[in-house]
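This report concerns only the one structure given below.
The values are calculated or read from the model by the stated rules, or taken from the named source; none is laboratory data. Everything quoted here is computed from the prediction, not taken from an experiment. We place every Cβ from the backbone using ideal geometry, glycine too, and count neighbours over all the protein chains shown. These area figures cover heavy atoms from the full protein model, side chains too; ligands, DNA and RNA do not enter into them. Shrake-Rupley method; radii C 1.70, N 1.55, O 1.52, S 1.80 Å.
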Amino acid sequence: MLKHGLMMDRPLLLSGIIEHAAAQFGTVEVVSRETHGPLHRYTYADCAVRARRLAKALAALGLEPGATVGSIAWNNHRHLEAYYAVSGSGMVMHTCNPRLHPQQLVYIINHAEDEVVLFDATFAPLIKGIAAACPKVRAWVCLAEAAHTPAIEGVAHIVAYEDLIAPHDDAFEWPSFDERMGAALCYTSGTTGNPKGALYSHRAIALNAITICNPGIICLSTRETVLPVVPMFHINAWCLPYAAPVAGAKLVLPGPKLDGASLYELIESERVTVSAGVPTIWQGLIAHLDAHGLRFSTMVRTGTGGSAMPLALIAKFADEYGVEVRHGWGMTETTAVATMGALTGAEASLGAAERHAIVSKQGRSVFGIEIKVVDANGATVPRDGATQGELMVRGQWILERYFKAEGSALIDGWFPTGDIATIAADGVMQIRDRTKDVIKTGGEWISSIDLENAAVAHPAVAMAAVIGVKHPKWDERPLLFVVKKPGQALEKAEILDFLAQRVAKWWVPDDVMFLDALPVGGTGKVQKNELRSKYGGTFS
């Protein structure tokens with residue numbers, strides 16, 4: 001007969017994370033870039049005190065457990081306090097992506113039923129445009145002192161964050177409740193239809209935060225200084241604002257300055273050792289280093305995801321700058337990381353080209369997550385590294401259904417990701433494409449990701465994107481878009497010849513278009529739907 005273990009049953013709550021950090025790592029710094037420019041410094045102990053004050057202030061506004069509080073904000077210390085104050089007091093923290101279309105922002109604020117919205121002064125014009133369409137919002141709180149809180153014409157109930165918390169002390173006791181209760185709400189980017197909400201539980205976030213501290217994932221400890229460049233409105237900055245206090249790592253928040261020069265200055269001045277962000281951020285940072293002959297003095301490791309990081313960029317980080325890249329995979333529906341491409345001991349001893357090729361894949365599933373690949377009939381395909389199909393995932397922090405949806409999102413207990421992938425015998429998964437982006441030509445598949453990676457390897461190419469365009473004979477054929485590096489010359493014939501030496505002949509695009517920039521969405525991904533809308537006609 002099975003027996004229960006005789007252990008305490010204590011819930012995994014986010015309030016426990018910040019109180020743990022305050023008690024064990026109370027003097028460790030949290031450094032953040034203010035929206036108006038200067039750096040702000042305090043400690044985890046200070047953060048905990050102010051989070052409790054904010055919790056009391058929100059309660060004084062009449063918000064009750066279960067209420068939703070929105071934010072339209074950068075990565076900064078007040079946003080961090082809200083992460084813990086809102087969720088810790090039993091409410092739901094709803095991080096809104098300010099790069100969404102205003103109509104989509106209105107939709108998600110109303111769909112989430114936000115009662116208070118926190119915002120950075122940067123977004124005052126955005127608030128002015130949407131406030132009237134968000135009738136349930138009872139207060140708009142600017143994450144600043146009164147001196148830096150703008151008056152917004154036509155918007156009532158604007159209050160400065162510091163004025164909001166000023167009357168309240170920190171004598172607040174975090175409530176205890178079921179760890180399965182909702183803690184944070186994030187919406188998908190909504191490239192097709194309205195965004196959909198993923199409501200994360202305290203348990204899901206806490207387990208993910210603990211997991212990514214692992215040496216085989218991001219590897220956080222009291223010896224590290226971590227800079228989450230990935231926005232706190234993008235899947236909760238991949239849970240790093242929760243993981244850093246778990247590990248006692250110094251936390252550096254970049255605010256609105258995400259250009260290469262500003263990031264480099266912050267990395268060097270704060271002696272950052274670990275960072276995380278999407279590939280477009282790293283392309284800008286490396287371009288700045290290259291242009292000014294700069295080097296990193298402390299950074300040793302960065303995590304990346306959101307889209308495939310080009311092999312050439314991985315190699316540049318490692319070979320020229322001594323920074324290890326760890327390539328992961330996750331999505332809004334997986335809370336944060338689900339797979340990670342850290343090298344094993346045996347893999348680390350391989351030659352550079354072999355190591356970089358392994359890192360360019362999305363890695364093995366982390367403990368708590370299972371993955372498989374299925375064919376069009378739902379049958380699991382072999383783990384041979386070659387047979388492609390749709391990636392399915394299940395685990396401790398995977399979405400079961402979307403917020404306010406009546407039915408489950410699962411198929412036989414697995415979440416269908418919409419990604420085309422392969423899994424090798426050693427468990428390494430590689431995203432080959434999105435189901436909507438894969439190019440079907442003559443009954444065969446062409447990976448747009450592989451073509452883009454091959455194109456970016458050309459020394460004159462800064463960015464590349466590939467879409468499928470209808471073809472009267474072959475169903476679809478690839479069209480390549482290229483953004484050249486500044487001052488570089490490149491002709492169509494040259495890039496096509498370059499690709500012909502690196503991919504199968506029938507993969508070589510039928511045409512090339514040179515653009516000044518690629519359309520990039522709120523999470524740093526190239527918006528291929530915009531390219532398809534504008535250029536996706538028919539090849540003759």
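Take the range 164-214 and flag every residue that is in contact (Cβ under 8 Å) with a residue 60 or more places away in the chain, closer than 30 Å to Ser533 by Cβ, open to solvent by 10 Å² or more (accessible area, probe 1.4 Å) and not charged (D, E, K, R).
Tyr187, Thr188, Ser189, Gly190, Thr191, Thr192, Asn194
Take the residues in the range 1-36 that are of a type in the set (Asp, Glu) and closer than 20 Å to Val252 by Cα; name whichever of them is farthest from the chain's Cα centre (by Cα).
Glu19
What number goes with the only condition from (1) of a type outside the set (Phe, Trp, Tyr); (2) closer than 14 Å to Val466 by Cβ; (3) modelled with pLDDT under 90 that Val520 does not pass?
(2)
For the range 412-423, enumerate the residues that are in a loop (DSSP other than H, G, I, E, B) and either in contact with a Gly (Cβ under 8 Å, 6 or more places away or on another chain) or crowded, with 16+ Cβ neighbours inside 10 Å (or both).
Listed by number, the list holds a single entry, Asp412.
Here is a list: Ala409, Ala376, Ala386, Ala405. Which entry is among the small types (Gly, Ala, Ser), surrounded by 13 or more Cβ atoms within 10 Å (Cβ to Cβ) and either part of a loop (DSSP other than H, G, I, E, B) or modelled with pLDDT of 95 or more (or both)?
Exactly one of Ala409, Ala376, Ala386, Ala405 is among the small types (Gly, Ala, Ser), surrounded by 13 or more Cβ atoms within 10 Å (Cβ to Cβ) and either part of a loop (DSSP other than H, G, I, E, B) or modelled with pLDDT of 95 or more (or both), namely Ala409.
If only one of Pro256, Pro279 is within 22 Å of Asn208 (Cβ to Cβ), under 20 Å from the mean Cα position of the chain (by Cα) and not aromatic (Phe, Trp, Tyr), which one is it?
Pro279
Answer with yes or no whether Thr435 is in contact with a strand residue (DSSP E or B) (Cβ under 8 Å, 6 or more places away or on another chain), open to solvent by 40 Å² or more (accessible area, probe 1.4 Å), among the hydroxyl-bearing types (Ser, Thr, Tyr) and closer than 25 Å to Leu531 by Cβ.
yes
What tally of residues in the range 93-125 results from selecting those that are open to solvent by 10 Å² or more (accessible area, probe 1.4 Å) and β-branched (Val, Ile, Thr)?
The total comes to 2.
Which condition number in (1) crowded, with 19+ Cβ neighbours inside 10 Å; (2) within 17 Å of Leu266 (Cα to Cα); (3) β-branched (Val, Ile, Thr) is the one that Thr335 fails?
Of (1) crowded, with 19+ Cβ neighbours inside 10 Å; (2) within 17 Å of Leu266 (Cα to Cα); (3) β-branched (Val, Ile, Thr), only one is false for Thr335: (2).
From Gly62, Gly90, Gly129, grab the single residue that is open to solvent by 30 Å² or more (accessible area, probe 1.4 Å), in contact (Cβ under 8 Å) with a residue 40 or more places away in the chain and of a type outside the set (A, V, I, L, M, F, W, C). If you could, list the steps in order and put the result at the bottom.
Values: Gly90 fails: open to solvent by 30 Å² or more (accessible area, probe 1.4 Å); Gly129 fails: in contact (Cβ under 8 Å) with a residue 40 or more places away in the chain.
On inspection, the qualifying residue turns out to be Gly62.
Of everything in the range 271-287, what is surrounded by fewer than 19 Cβ atoms within 10 Å (Cβ to Cβ) and over 18 Å from Lys316 (Cβ atoms)? Give them in sequence order.
Listed by number, the list holds a single entry, Arg271.
Of all residues being of a type in the set (Gly, Ala, Ser) and closer than 19 Å to Trp397 by Cβ in the range 312-332, which is surrounded by the fewest Cβ atoms within 10 Å (Cβ to Cβ)? Just the residue, please. Break it down into steps so the answer makes sense when it comes.
First, pick out the residues of the range 312-332 that are of a type in the set (Gly, Ala, Ser): 312, 315, 318, 322, 328, 330.
With the extra rule that they be closer than 19 Å to Trp397 by Cβ, the set shrinks to 328, 330.
Working: Gly328: 23, Gly330: 26.
Only one residue tops the list, namely Gly328.
Pick from the range 252-301 the residues that are in a loop (DSSP other than H, G, I, E, B) and of a type in the set (D, E, K, R): which of them is nearest to His36 (Cα to Cα)?
Within the range 252-301, the match that is nearest to His36 (Cα to Cα) is Lys257.
Hey, does the range 76-86 have a residue that's open to solvent by less than 30 Å² (accessible area, probe 1.4 Å) and outside any helix (DSSP H, G or I)?
Yes, some residue in the range 76-86 is open to solvent by less than 30 Å² (accessible area, probe 1.4 Å) and outside any helix (DSSP H, G or I).
Select from the range 473-493 the residues that are of a type outside the set (Phe, Trp, Tyr), over 27 Å from Leu285 (Cβ atoms) and either in contact (Cβ under 8 Å) with a residue 24 or more places away in the chain or loosely packed, with under 14 Cβ neighbours inside 10 Å (or both) and list them in ascending order.
Step one: of the range 473-493, the residues of a type outside the set (Phe, Trp, Tyr) are 473, 475-480, 482-493.
Subset that is over 27 Å from Leu285 (Cβ atoms): 473, 475-479, 491-493.
Within the range 473-493, Lys473, Asp475, Glu476, Arg477, Pro478, Leu479, Glu491, Ala493 meet the criteria.
Can you tell me how many residues in the range 64-85 are more than 21 Å from the chain's Cα centre (by Cα) and of a type outside the set (D, E, K, R)?
5
Regarding Ala45, is this residue open to solvent by less than 50 Å² (accessible area, probe 1.4 Å), in a helix (DSSP H, G or I) and free of Cβ contacts under 8 Å to residues at least 40 places away in the same chain?
The answer is yes for Ala45.
Identify, please: which residue in the range 424-459 is closer than 23 Å to Asp475 by Cα, acidic (Asp, Glu) and not in a strand (DSSP E or B) and is, among those, modelled with the lowest pLDDT?
Looking at the filtered set, the residue picked out is Asp437.
Scan the range 496-533 for residues that are farther than 20 Å from Gly284 by Cβ and either outside any helix (DSSP H, G or I) or touching a His at 6+ places or on another chain (Cβ under 6 Å) (or both) and jot them down.
Once the filter is applied, which keeps residues that are farther than 20 Å from Gly284 by Cβ and either outside any helix (DSSP H, G or I) or touching a His at 6+ places or on another chain (Cβ under 6 Å) (or both), the range 496-533 yields Phe498, Gln501, Arg502, Val503, Ala504, Val508, Pro509, Asp510, Asp511, Val512, Met513.
Does the range 324-355 hold any residues that are part of a loop (DSSP other than H, G, I, E, B) and in contact (Cβ under 8 Å) with a residue 40 or more places away in the chain, and which are they?
Result: Met331, Thr335, Ala336, Gly341, Ala342.
What's the total number of residues in the range 364-373 that are closer than 16 Å to Asn208 by Cβ, open to solvent by less than 30 Å² (accessible area, probe 1.4 Å) and in a strand (DSSP E or B)?
Qualifying residue count for the region: 2.
Being of a type in the set (Asp, Glu) and free of Cβ contacts under 8 Å to residues at least 40 places away in the same chain, is that true of even one residue in the range 95-113?
Within the range 95-113 (the criterion being of a type in the set (Asp, Glu) and free of Cβ contacts under 8 Å to residues at least 40 places away in the same chain), the answer is no, since none of the residues qualifies.
If we only count helices (runs of 4 or more DSSP H) wholly inside the range 118-226, which ones have 2 or more residues that are modelled with pLDDT of 95 or more, in contact with a Phe, Trp or Tyr (Cβ under 6 Å, 6 or more places away or on another chain) and among the hydroxyl-bearing types (Ser, Thr, Tyr)?
So the answer is none; nothing clears 2.
Within the set of pairs 6+ apart or on separate chains, which have a first residue in the range 21-41 that is touching a residue at least 40 places away in the same chain (Cβ under 8 Å), a second that is among the basic types (Lys, Arg) and assigned to a strand (DSSP E or B), and C-beta atoms under 8 Å apart?
That search, which allows pairs on different chains as well, returns Val28/Lys250; Glu29/Arg41; Glu29/Lys250; Val30/Arg41; Val30/Lys250; Val31/Arg41; Val31/Lys250.
Has the range 356-363 got any residue that is modelled with pLDDT under 95, open to solvent by 30 Å² or more (accessible area, probe 1.4 Å) and in a helix (DSSP H, G or I)? Before the answer, list the steps.
Residues of the range 356-363 that are modelled with pLDDT under 95, as a first pass: 356-363.
From the residues that got through so far, the ones that are open to solvent by 30 Å² or more (accessible area, probe 1.4 Å) too are 357-358, 361.
Those still in the list that are in a helix (DSSP H, G or I) too: 357-358.
Yes, the range 356-363 contains at least one residue that is modelled with pLDDT under 95, open to solvent by 30 Å² or more (accessible area, probe 1.4 Å) and in a helix (DSSP H, G or I).
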